[in-house]
Amino acid sequence: MNPLNPKKLLLTKWTAAKPVAKQKHFLVSRVIEPELLTEPIELVEIEAVFSKATQVIAWRELQDERVWRQGWV
């Protein structure tokens with residue numbers, strides 16, 4: 001997988017490797033900026049395409065191919 005840049009994750013599509021409650025396809029709906037602009041970005045908000053439910057995760061979790069796959073598979 002190509003290295004991810006947190007600033008370029010907005011609106012990217014992701015598929016959960018193990019869907020929970022029929023939630024499989026997600027979209028990065030927001031990149032959460034740190035309070036101090038000198039600190040690195042740590043969190044993103046992902047939104048389930050089907051239910052519109054959102055959750056906040058560490059953007060680095062998206063690099064784990066056992067949990068997430070880039071694109072809608």
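The values are calculated or read from the model by the stated rules, or taken from the named source; none is laboratory data. Quick caveat, the model's predicted, so the values are computed rather than measured. Methodologically, a virtual Cβ is constructed for each residue, glycine included, from the backbone with ideal geometry; neighbour enumeration extends over all protein chains shown. The protein model used for the area step is the full one, side chains on, heavy atoms only, and it has no ligands, DNA or RNA in it. Shrake-Rupley method; radii C 1.70, N 1.55, O 1.52, S 1.80 Å.
Net charge in the neighbourhood of ALA16 (other residues with Cβ under 10 Å of its Cβ; Lys, Arg +1, Asp, Glu -1) is +3.
Here the Gaussian network model covers the chain, with springs between Cα atoms less than 10 Å apart; of VAL56, VAL31, VAL44, VAL56 fluctuates the most. Sorted largest first by accessible area at a 1.4 angstrom probe radius, with every protein chain in place, the residues THR54, THR38 fall in the order THR38, THR54. Over all projection directions, the Cα-based convex hull of the chain averages an area of 4.8 nm².
Remark: relative contact order (the chain) = 33 percent; criterion is Cα-Cα distance under 8 angstrom and separation of 6 or more residues.
Summing Lys and Arg as +1 and Asp and Glu as -1 over all other residues whose Cβ lies under 12 Å from the Cβ of ILE57 gives a net charge of -3. Highest mobility in the GNM of the chain, judged by mean-square fluctuation with C-alpha springs under 10 Å and restricted to GLU35, GLU45, GLU61, is found for GLU35. Keeping all protein chains in the complex and leaving out DNA, RNA and ligands, what accessible area do you get for ARG69 with a 1.4 Å probe, in Å² to the nearest 10? Surface accessible to solvent at ARG69 totals approximately 110 Å².
Sequence-ordered 3J(HN,Hα) estimates for the stretch 17-22 from the Karplus curve with 6.51, -1.76 and 1.60 and θ = phi - 60° stand at 5, 10, x, 10, 6, 6 Hz, glycine and proline given as x. Return the aspartates and glutamates within reach of LYS8: Cα separation strictly under 18 angstrom, same-chain partners fewer than 8 residues apart disregarded; answer none if there are no such residues. Result set, ordered by chain and number: GLU33, GLU39, GLU42, GLU45, GLU47, GLU61, ASP64. Between LEU36 and VAL20, the modelled labels are 3.1 nm apart [label points 7 Å from Cα along Cα→Cβ].
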